[in-house]
1. Is there a residue in the range 115-137 that is crowded, with 19+ Cβ neighbours inside 10 Å, without any contact (Cβ under 8 Å) to a residue 40 or more places away in the chain, among the aromatic types (Phe, Trp, Tyr) and under 26 Å from LYS212 (Cβ atoms)?
2. Of these, ILE42, ILE3, which one is of a type outside the set (Lys, Arg), surrounded by 15 or more Cβ atoms within 10 Å (Cβ to Cβ) and assigned to a loop (DSSP other than H, G, I, E, B)?
3. Can you list residue pairs whose Cβ atoms sit under 6 Å apart, with the first residue in the range 46-58 being more than 11 Å from SER29 (Cβ to Cβ) and the second being assigned to a loop (DSSP other than H, G, I, E, B)? Count only pairs 6 or more apart in sequence or on different chains.
4. Applying the selection to the range 119-141, what residues are among the aromatic types (Phe, Trp, Tyr) and touching a Pro at 6+ places or on another chain (Cβ under 7 Å)?
5. Exactly one condition in (1) in contact with a Leu (Cβ under 7 Å, 6 or more places away or on another chain); (2) surrounded by fewer than 22 Cβ atoms within 10 Å (Cβ to Cβ) is false for VAL148; which is it?
6. How many residues does the range 15-39 contain that are within 18 Å of SER72 (Cβ to Cβ), surrounded by fewer than 21 Cβ atoms within 10 Å (Cβ to Cβ) and polar (S, T, N, Q)?
7. Step by step: first the residues of the range 82-108, then only those that are more than 16 Å from ASN32 (Cβ to Cβ) and in contact (Cβ under 8 Å) with a residue 60 or more places away in the chain, then the one that is farthest from the chain's Cα centre (by Cα). Which residue is that?
8. List pairs: first in the range 266-281 and in contact (Cβ under 8 Å) with a residue 40 or more places away in the chain and within 27 Å of ILE208 (Cβ to Cβ), second in a loop (DSSP other than H, G, I, E, B) and hydroxyl-bearing (Ser, Thr, Tyr), Cβ under 8 Å, 6+ apart or cross-chain?
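A short reminder: the numbers here are calculations on the coordinates, not readings from a lab. The shown structure was predicted, so the numbers you read here are calculated from the model rather than taken from an experiment. With ideal geometry, Cβ positions are generated from the backbone for all residues, glycine too; neighbour counts draw on all protein chains shown.
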Amino acid sequence: MKILVTGGAGFIGTNLLLELKKQNHKLVSVDNYSIGTKENHIEGVKYISLDVNQIKEIKNDFDLIYHLAGLSRIQPSFREPTSTFISNTKGVESVIEWARLNHTKIVYSGSSSFHHDPYQSPYAFYKYLGEEICRMYRRVYDMNIEIVRFYNVYGPKEIVHGEWAAVIGIWRSQIKNNLSLTIVGDGEQKRDFTHVHDIVDALLKIGINKTKFNNEWELGTGINYSLNEVYQMFKEKFGVDKIHINDQLGNYRETLRIDNKALKLLNWKPKDRLKKYIMNL
């Protein structure tokens, strides 16, 4: 198969391409490198430096598209709502409309933020609209668009510094620099931490195996930990201190996968790898 991965130089995209390469597919990445990095390039993958809103500049002769590109954090979206809209909503429409002419299957990366108030942040609202665009194209044009929702993904190639880093990556960087770990708010907010290898396993099953599902694939472990509990894992490994900082706008109290359809339909078995991952850092 010839497969396109948008955001292919990013965290999840790179891990996906590594596995797809093992299956000898012809692989192309489109990335504007606003978050992704050329350090993630894989030999044998064709990389095109391009924003997804200009995707019509390339020929669509693909069998499958994984649309992973987008701005992936809540806090930067408050400062740059227009950029978030262009990437996370307009970008979705651009890719789907481009794919529609050849009726190419798309796997679209939504977000578990869908389960919360979409008006809490520009990020949540524009990801919500992205899913709505997918549903409209599915209904009106009968396109095969699979929506997947990620839950606090961590693992190799994760971002470890800057505004696009998530908590596990941030804490890894703070450990490396001999700093105390920063906990936002009281630390009792809970997250469903999902290892990127489990995410990739599900993406392969959904994309390559031609599975079709008219709802959304919830890709979480079904287990969540408070940040204070995760801190205790880091403390056990590194003996590190913590400091609490002010809570942040748009910060959810809990994320947790409660829908088991993905496990049953895909025979997908995500593992609770978090403590083992931390102990092996």
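1. yes
2. Result: ILE42 is the single residue among ILE42, ILE3 that is of a type outside the set (Lys, Arg), surrounded by 15 or more Cβ atoms within 10 Å (Cβ to Cβ) and assigned to a loop (DSSP other than H, G, I, E, B).
3. The qualifying pairs are ASP51/ASN32; VAL52/ALA69.
4. Those that are among the aromatic types (Phe, Trp, Tyr) and touching a Pro at 6+ places or on another chain (Cβ under 7 Å): PHE125, TYR128.
5. (2)
6. 3
7. LYS105
8. LEU266/THR211; PRO270/THR221; LYS271/THR221; ASP272/THR221
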